[in-house]
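K.L.:
First, the structure itself, so that you have it in front of you.
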Amino acid sequence: MSLKKLDMAVIFLLFIASFSNSKADRDFDVRQHLSTVTRYGAVKDIVDNSFIPSAIPDGCTPIHLNLVARHGTRSPTKKRMRELEKLASHIKELIKDAKEKNLSLQKVPAWFHKWESPWYGKLKGGELDIKGEEELYQLGISVRERFPDIFNEEYHPDVYPIMTTQVPRASASAVAFGMGLFSGKGSLGPGRHRAFAVTSESRASDTILRFFDCCQTYKDIRKNQEPAFDKLKEPILTETTSSLAKRYEFNFTGQDISSLWFLCKQEATLLDTTDQACSLFSPTEVALLEWMDDLQMFIVKGYGKSLNYRMGVPLLKDVVQSMDEAIKAREGNQVPGSYEKARLRFAHAETVVPFSCLLGLFLEGSDFERIQKEEPLDFPLKPPHKRKWRGSTVAPFAGNNMLVVYSCPANSSSKYFVHVLHNEHPIPMPGCGDTDFCPFQVFKDKIVEPHLKHNYDTLCNANLDQPPKPETNMLSQLFRWLFGWGNDDAQARGVEL
C-alpha cells in the first residue's frame, strides 16, 4: 500500500471512530445511569437480552403472588436540600471572586450565574413525589392485568394484605399501588375507587421490612465504615474535579462536584432536566460516578458483606410461609375468598437490594457457588467493563421483585413452581439452573434453605462489645484495585467489608 493510501486509510478510520463515539454520546441517556435515584420508567424494560424467559407450560395457573417493592420517586431529604443551597452560595462566591480578580468566565455555564436550588426554602423533604405516585399507581394496574386469576376475588384484607413500613413515602406508595390495583372495583368517585387497608409494624420492631433498622450489628458496622466510604469516593471525585475545573476554567472543589452530581440526579429524575448539572459531565464521567454509587450500594446493601442480606432472612421466611399456606389452601380445596392470594409489601432500597441478594439475582459466573460456600465476592467491574450489578436496575425507584406460585397439571415435572420477576420481567436464578421458573421444592432446597441456618437475633446482636476492626487494610486493598495502584483490568480481590 502506498504512503498516500495509508494516510487516507488512517484518516478514514479516525473519522469512523469519531462518528461512532459522537453517536454513542448522542444515544447516551443520563436518566438511565443514576444508580438508585433512577426513575422506574427509564429502566424497567432494560433486560439481559441473552436470557430467554421460560414459557409457562400449558395448564399451569398462578395461585399466589408475593411482591416486595421499593417506594416510588421521592423528593430530596431536608439535609440534601440544604446541601444544594450551600452549593448555590458557593457558586456565587466563586463567580464573585473570579470577577474581582478579572478572571475569564467565558467557559462557565450560563445557568450558573443566576442558579438557585429548585428546592430553595422548602422546609420538608423525602416525601413521595407525584412521579412516584404515578409509578406505583401504574404498577398496580399492570400487576392486576398481568395476573387476573389472582386478582379476581372480592377485596378483603386477609385475601390481599398490603404491608408497608411506617416511613410516609413507603406507605404513600402502598396507597398509590392499591388505588391502581383496585381501580374500577369500588364506588368512590368517578374512578370507582374503593377503600383498602394498609398495615405496618413499628419501626423499632419491623424485622420483616426494616430488618436493617432493627439490626444493631449492621448499624454499628455501617457507622464505623462511613470514613472508609468517604475515602472510597475521593479518587473519582478528585479526578472528576480536575477534569471539570480545566474544562470550565472554574475553581471547583471536590464537594462541589459531589453536590453537582447529586443535583444532576435530582434534576434528571424529578424535573426531567438534563441540560444543566448533568450536561457538565461527559458520558465517561457519568459512568464512573454511577459506578461509584453502585459500588457503595454493593458494599453497604448488597453482596459486599454477607450480613447485608442475611439479616433479611425474616422477610424471606415470610415470603416462603405465604407460599406454603397458598399451596396448603390449594391442596385442601378451600373455598375461594377464604385464603390469601397475594401479599404486597412496600419498603426501601435497603429492603429490596438484600432480598434480591437472598434470591441470588445479578450474580456473575460462579458467584452463586461462592455465596453458598460463604466466600466473599469480587467487586462490580469498573467502566468500561460491563457488569450486571447496576443500582439503576437492581433498585430504581419503584423497583420490585415478584414471586408467583403456579399450580401445574399432575403430569408436569413438579406440581408447583415459583416464577420470579424483577421489575416485571422474568429473571434467571443461578440457584435453579439459571431459570426464572423453578420447581417449588428446588427453590426451597437450593435458594431458601441455605440462608435459614442464620438466626436474625444471633446475627444482629453479635459481638456488640467487641471493638471495631481497623479499616486500614481494607482501604489499601480497595485503592490498589479501584484506582490504579495495580492492574486496571484486574478483578477485585475478595474483600469482605
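K.L.:
What pairs can you find where one residue is in the range 16-41 and on the phi > 0 side of the Ramachandran plot and modelled with pLDDT of 95 or more, the other is crowded, with 23+ Cβ neighbours inside 10 Å and outside any helix (DSSP H, G or I), and their Cβ atoms are less than 8 Å apart, with a gap of 6+ or different chains?
P.N.:
From residues that are on the phi > 0 side of the Ramachandran plot and modelled with pLDDT of 95 or more, the pairs are Ser35/Arg390.
K.L.:
Give me the pairs, please: first residue somewhere in the range 145-168 and of a type in the set (D, E, K, R), second residue anywhere and open to solvent by less than 10 Å² (accessible area, probe 1.4 Å), beta-carbon distance under 8 Å, and either six or more positions apart or on two chains.
P.N.:
Glu153/Val159; Glu153/Tyr160
K.L.:
Conditions: (1) within 28 Å of Val394 (Cβ to Cβ); (2) without any contact (Cβ under 8 Å) to a residue 40 or more places away in the chain; (3) outside any loop (DSSP other than H, G, I, E, B). Ala55 meets all but one. Number of the miss?
P.N.:
Ala55 satisfies all of (1) within 28 Å of Val394 (Cβ to Cβ); (2) without any contact (Cβ under 8 Å) to a residue 40 or more places away in the chain; (3) outside any loop (DSSP other than H, G, I, E, B) except (3).
K.L.:
Could you grab me the full set of residues in the range 197-225 that are among the acidic types (Asp, Glu) and within 20 Å of Val68 (Cα to Cα)?
P.N.:
Scanning the range 197-225 gives Glu201, Asp206, Asp213.
K.L.:
Give the range 349-389 a look and list any residue that's under 26 Å from Ile208 (Cα atoms), part of a loop (DSSP other than H, G, I, E, B), out of contact with any Phe, Trp or Tyr (no Cβ under 8 Å at 6 or more places or on another chain) and open to solvent by 10 Å² or more (accessible area, probe 1.4 Å), or say none.
P.N.:
Those that are under 26 Å from Ile208 (Cα atoms), part of a loop (DSSP other than H, G, I, E, B), out of contact with any Phe, Trp or Tyr (no Cβ under 8 Å at 6 or more places or on another chain) and open to solvent by 10 Å² or more (accessible area, probe 1.4 Å): Lys373, Glu374, Glu375, Pro376.
K.L.:
In addition: Take the range 201-219 and flag every residue that is of a type outside the set (A, V, I, L, M, F, W, C) and exposed (fewer than 15 other Cβ atoms within 10 Å of the Cβ).
P.N.:
Ser202, Arg203, Ser205, Gln216, Lys219
K.L.:
What about Ile52, is it at pLDDT 95 or above and exposed (fewer than 12 other Cβ atoms within 10 Å of the Cβ)?
P.N.:
yes
K.L.:
Write out, first by first residue and then by second, each pair whose Cβ atoms fall under 8 Å of each other, whose residues are 6+ apart or on separate chains, and whose first residue, in the range 445-462, is open to solvent by less than 80 Å² (accessible area, probe 1.4 Å) while the second is part of a loop (DSSP other than H, G, I, E, B) and of a type outside the set (Gly, Ala, Ser).
P.N.:
Note: pairs meeting the criteria are Ile447/Leu359; Tyr456/Thr207; Tyr456/Cys215; Tyr456/Met311; Leu459/Cys215; Leu459/Met311; Cys460/Cys215; Cys460/Met311.
K.L.:
For Ala398, which of the numbered conditions (1) closer than 17 Å to Ala55 by Cβ; (2) in contact with a Phe, Trp or Tyr (Cβ under 6 Å, 6 or more places away or on another chain); (3) open to solvent by less than 20 Å² (accessible area, probe 1.4 Å) fails to hold?
P.N.:
It fails just one condition, (1).
The values are calculated or read from the model by the stated rules, or taken from the named source; none is laboratory data. Note that the structure is predicted; figures quoted are calculated from it, not measured. We place every Cβ from the backbone using ideal geometry, glycine too, and count neighbours over all the protein chains shown. All accessible areas refer to the heavy atoms of the entire protein, side chains included, with ligands and DNA or RNA removed. Shrake-Rupley method; radii C 1.70, N 1.55, O 1.52, S 1.80 Å.
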